[in-house]
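The values are calculated or read from the model by the stated rules, or taken from the named source; none is laboratory data. Bear in mind the structure is a predicted one, so any value in this text is a computation, not a measurement. Quick reminder, even Gly has a Cβ in these numbers, built from the backbone with ideal geometry, and neighbours come from all protein chains shown.
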Amino acid sequence: MTNIKTKRVKNTYLHYIEAAFIIVLFTLKAFFLYDYIGYGKYSVVFAAMTAGAAIGIYALVSWISDRGAATWALLGLYFLFSAVMFVDRMYYSYYRKLPGVALLGMVSMLGGVTDSVRNLLDFSHLLYLVDLPIIAVYLLAARPFIARRTARRSAVRLASKINRIVSTVLFAVLTVAVAVTVKVTDLSLGNMGGELFLYHFTDVLSVMVGDRFSRDVDTGGYVQAFAETESEPYYGLAKGRNLIIVQVEALQGFVINRDFYGHEITPNLNALIKDDSFYFPNYYYIVGAGNTADAEFTVNNSLYPPTDMAAYIKYTDKNYYGLPFVLKDNGYKSAVVFHGYLREYWNRDKAYPYQGFDHYYSQESFSSDHIIGLGVSDERFFKESVQILKTKEQPFYAFMITLSSHHPYWLPHSDRMLPVPEHLDNTLFANYFVAINYVDYAIGCLIDELKVAGLYENSVIVIYGDHYGMPNDSENYSLASEFFGHLYYEGDFFRVPMIIHIPGSGITQTVERPSSHIDVMPTVLHLLGMRNEGGVMFGHNMLSDDTTPVFLQMHVKRGSFVTKDILFVYPISGVLSDAKCYDLKTHQRIDDGTAATAEKYAEYYNAAFKVHQDCAAIIESDSIRIKPKK
């Protein structure tokens, strides 16, 4: 009898062992995720907060029910959050940002980029899932056997009381420990939103409740601040010309005027820069959750896209007044967009009419006999787009979106022109340069086709990269750092080329001031001799002496910015001592790991917060236009 009683008591305590084991695993996984996404020395604190949240839930269920239900609740939570942490790490490895539940509305977009998703899979990501099958086997095989040997009701009742007390005390101890840590460090309650449970809970809540912006924004102030005048340099330099904007997939700035093992990477772009062009070497990309789609949204509207969902999906039908509308209100005959991929991708087919485009030429408008990666090859895309443009009444606005250099940068051997050293063969690092070299060749074809069609001399041609291309995972980070001669960092990551080519202008100039996608619209309008007084613009004329910093977002936390001298990365943890600050000339960090250093730049990161909040409020309230449509 005593032996049976002992076994029953042991079986009762098995629940505690299970719960303790799961909480330890929970804490370890949370710690490694926090460390991976950059919480640094506070990873332990945030992991303790996550463990405390798990224990708190366990204690709550224990008080409501019994220790058996609490263990099952903890197991269910562990399985759920292991999957969530796996997705968090996968998403962060590419976007440098934690995902939100709103992204579920964009899951259909994954179908077209399965190769990219597959390429992102890494064993370190799978560590968040590898133990789940083992635990499942235990639950299905071993645990039912143990459950049949149930302890006496009195033992269960006593164990439940102990369980409630112990879990509650543990929760209280962890809460006090975290509170003390907050008190003696530069952590604050405002930083707590970076804890995983709280982050995902508030994210789900915000989606359920919806966005609420109560800010009063002086939209007229933005128009007055950024409207250009005829007295500024180069006003009307390209007046009356066709506008052709080419958004190049994953084109980064470090390929310009560079060789890859003795071979020029971008000979055609390099030649353009030296002939009748404004070149902006310190140009940075601005995107949202839609990456490429949000780059074009930003360029065409001079508005910051949302970071929780693609602008074309979240804000499809707002009353926009971007480049297509302004140009047509100033005499342009049409605004057309070209993209050699699926018509409905990123909701473009529904969004473009609200953007002001008259016609959208997608994959079905082009020949299908030369496909690279996702869609029509850039060479074929450019040649056939120009044939369509020949039929358009001038002046027109044409927006072109390339595709062949999309991640994971795999080109058919027949289209490869850049030699690759044997030791780099089939690496993503080398494939990136091969793909960019091909796109450069295709851009050369575009210029030739425009000349043959008689459109070249009467056009202004804008070419820029939409977002980063080279991931900074361990392998590519190492190879890229060796290639640059310094560690691959955010200054390389965010910098993309920007070229404004005006044939026959006689102007060849390198403009050093920092600028971004948000500045394209006001700059182009300035060169065309137009003023936008009908809608807000958050950008600045890149040819002026304006010194406003570039306010970065997506892939870094909002609050990050770039000036002519430094790049400041606002910490994802929200803890100012975790901020990073780089000297753009030396590419070295110049912060000392203290909040005091970061606080020196409070004027800039607070300005960034305000600009992002103002823009979100203006779009959400549909206050972009400040006068009725003509």
Filter result (at pLDDT 85 or above and either surrounded by fewer than 19 Cβ atoms within 10 Å (Cβ to Cβ) or under 16 Å from A20 (Cβ atoms) (or both)) within segment 53-83 | L75, G76, L77, Y78, F79, L80, A83
Those residues of segment 241-268 which are touching a residue at least 40 places away in the same chain (Cβ under 8 Å), outside any loop (DSSP other than H, G, I, E, B) and not aliphatic (A, V, I, L, M), in sequence order | N242, Q247, G253, F254, F260, H263, P267, N268
Answer yes if at least one residue in segment 396-411 is farther than 19 Å from L251 by Cα, over 21 Å from the mean Cα position of the chain (by Cα) and not hydroxyl-bearing (S, T, Y), and no otherwise.
-> yes
Could you list all residues from segment 430-462 that are more than 15 Å from R380 (Cα to Cα) and either modelled with pLDDT under 95 or of a type in the set (S, T, Y) (or both)?
-> Y432, Y456, S459
Can you spot a residue in segment 105-114 that is at pLDDT 75 or above and either surrounded by fewer than 18 Cβ atoms within 10 Å (Cβ to Cβ) or outside any helix (DSSP H, G or I) (or both)?
-> no
Search segment 455-476 for residues being touching a Pro at 6+ places or on another chain (Cβ under 8 Å) and either farther than 26 Å from A295 by Cα or not hydrophobic (A, V, I, L, M, F, W, C) (or both), and hand back the single one that is surrounded by the fewest Cβ atoms within 10 Å (Cβ to Cβ).
-> E457
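Residues are listed down the side, and each one gets a yes or a no for (1) over 19 Å from the mean Cα position of the chain (by Cα); (2) modelled with pLDDT of 95 or more:
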| site | (1), (2) |
| --- | --- |
| M530 | yes, no |
| G535 | yes, no |
| D545 | yes, no |
| T548 | yes, no |
| L552 | no, yes |
| I566 | yes, yes |
Exception for Y312 within (1) of a type in the set (F, W, Y); (2) under 21 Å from L403 (Cα atoms); (3) in contact (Cβ under 8 Å) with a residue 40 or more places away in the chain falls at (3)
T586 vs. criteria among the β-branched types (V, I, T), within 30 Å of S481 (Cα to Cα), exposed (fewer than 13 other Cβ atoms within 10 Å of the Cβ) and in contact with a helix residue (DSSP H, G or I) (Cβ under 8 Å, 6 or more places away or on another chain) | no
Those residues that are of a type in the set (V, I, T), surrounded by fewer than 24 Cβ atoms within 10 Å (Cβ to Cβ) and in contact (Cβ under 8 Å) with a residue 40 or more places away in the chain, I need them from segment 315-336; list them, please.
-> V336
Would you say A47 is small (G, A, S) and modelled with pLDDT of 85 or more?
-> yes
Subset of segment 394-424 that is aromatic (F, W, Y) and not in a strand (DSSP E or B) - its residue that is surrounded by the most Cβ atoms within 10 Å (Cβ to Cβ) | Y409
Residue count for segment 502-528, restricted to those that are of a type outside the set (V, I, T) and within 28 Å of the chain's Cα centre (by Cα) | 10
Taking segment 425-466, which residues are in a loop (DSSP other than H, G, I, E, B), within 25 Å of E384 (Cα to Cα) and of a type outside the set (G, A, S)?
-> L455, Y456, E457, N458, D466
Strands (runs of 3 or more DSSP E) (entirely within segment 274-382) containing at least 3 residues that are under 24 Å from the mean Cα position of the chain (by Cα) and closer than 30 Å to P412 by Cα | 334-339
If you go through segment 524-558 one residue at a time, how many are in contact with an Asp or Glu (Cβ under 7 Å, 6 or more places away or on another chain), of a type outside the set (G, A, S), crowded, with 21+ Cβ neighbours inside 10 Å and assigned to a loop (DSSP other than H, G, I, E, B)?
-> 4
When every residue in segment 437-451 that is out of contact with any Phe, Trp or Tyr (no Cβ under 8 Å at 6 or more places or on another chain) and touching a residue at least 24 places away in the same chain (Cβ under 8 Å) is compared, the one surrounded by the most Cβ atoms within 10 Å (Cβ to Cβ) is V439
Any residue at all in segment 573-585 that is modelled with pLDDT of 95 or more and touching a Pro at 6+ places or on another chain (Cβ under 9 Å)?
-> yes
Give me a count of the residues in segment 266-313 that are at positive phi and modelled with pLDDT of 95 or more.
-> 2
Within segment 394-417, track down each residue that is free of Cβ contacts under 8 Å to residues at least 60 places away in the same chain and not small (G, A, S).
-> L411, P412, H413, D415, R416, M417
So, in segment 344-355, of the ones that are touching a residue at least 12 places away in the same chain (Cβ under 8 Å) and either surrounded by fewer than 21 Cβ atoms within 10 Å (Cβ to Cβ) or among the polar types (S, T, N, Q) (or both), which residue ends up nearest to G322 (Cα to Cα)?
-> Q355
Single match in T391, T427 (criterion: β-branched (V, I, T), surrounded by fewer than 17 Cβ atoms within 10 Å (Cβ to Cβ) and free of Cβ contacts under 8 Å to residues at least 12 places away in the same chain) | T391
Enumerate the pairs (first residue in segment 40-52 and closer than 22 Å to A19 by Cβ and touching a residue at least 60 places away in the same chain (Cβ under 8 Å); second residue anywhere and part of a helix (DSSP H, G or I) and of a type in the set (G, A, S)) with beta-carbon separation below 6 Å, excluding pairs fewer than 6 apart on the same chain, so at least 6 apart or on different chains.
-> T50/A30
Looking only at segment 458-468, decide whether some residue is under 22 Å from I37 (Cα atoms) and not β-branched (V, I, T).
-> yes
In this structure, is E475 in contact with a Ser or Thr (Cβ under 9 Å, 6 or more places away or on another chain) and over 22 Å from T266 (Cβ atoms)?
-> yes
Of the numbered conditions (1) more than 29 Å from V44 (Cα to Cα); (2) in contact (Cβ under 8 Å) with a residue 60 or more places away in the chain; (3) touching a Gly at 6+ places or on another chain (Cβ under 7 Å), A608 satisfies every one except a single condition; which is it?
-> (2)
Residue among M498, M521 that is closer than 29 Å to P233 by Cα, crowded, with 24+ Cβ neighbours inside 10 Å and out of contact with any helix residue (DSSP H, G or I) (no Cβ under 7 Å at 6 or more places or on another chain) | M498
Residues located in segment 601-630, provided they are of a type in the set (K, R) and surrounded by fewer than 12 Cβ atoms within 10 Å (Cβ to Cβ) | K627, K629, K630
